[in-house]
Amino acid sequence: MGLKTVVTMVALGLAITGCNRSINSVAPAGSQPQRLPSAPVESVQSDQLPPPVDASQSTMVDATAPQAPSTQIAAATPSDASVIPEGTGEPVTREAVSGSWNVNSDNPDCRMILAFTKWSGGYRAATRRCNSQELANVSAWDVKGQQVVLMDAGGNTVARLYQSASGRYDGTTNSGAPISFTR
């Protein structure tokens, strides 16, 4: 027999002896896989739904829908925190709002990223290149009714925005500063 044949037979023999489908030869005797700890579960919330609205009861007002500003509010200055832009009436969804937005701010490169990662009080939000301390504090967001609510790490509302056009949201911060998102 040649050296080449001997090396091939030894390699083949090692390969065959290494083919064992049982983990028992590697795991210590009597050991069982350890159970993983259970994941935390969010608490369930419940509340009463409002009564259904009939078309004949058109005088009822939905408290969660944005209302047209009154003449007194419309005449207010733009820095007035009570000025709420009129929404488009289209439903606002989390899917439509998530993603990267250009923010009208003190820096033309200011961006807001709204992710679908669960975060305290909503979903994770982050800012890039925004000089405003108020915007820098934004760390969460959510959709409530027809408005987009931006929150800080403590769950406090920083700003509220309404859809004013396709791909545009306008609103005010708590300090009364106007804020707008565009894509």
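A short reminder: the numbers here are calculations on the coordinates, not readings from a lab. Quick caveat, the model's predicted, so the values are computed rather than measured. Every residue, glycine among them, receives a Cβ derived from its backbone with ideal geometry; neighbour counts consider all protein chains shown.
When a/c reaches 1.5 or more, the comparison of a/b and b/c decides; with that in mind, is region 89-182 rounded, prolate or oblate per its Cα gyration tensor? Present the calculation step by step, with values, prior to reporting the outcome.
Working: a/c = 1.36, a/b = 1.09, b/c = 1.25.
Since a/c stays below 1.5, the shape of region 89-182 is classed as rounded.
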Which value in nm describes the separation of the simple spin-label points at residue 93 and residue 165, placed 7 Å from the Cα toward the beta carbon? 2.3
With just the Cα atoms defining each centre, how far is region 108-144 from region 147-182? Give it in Å. 10
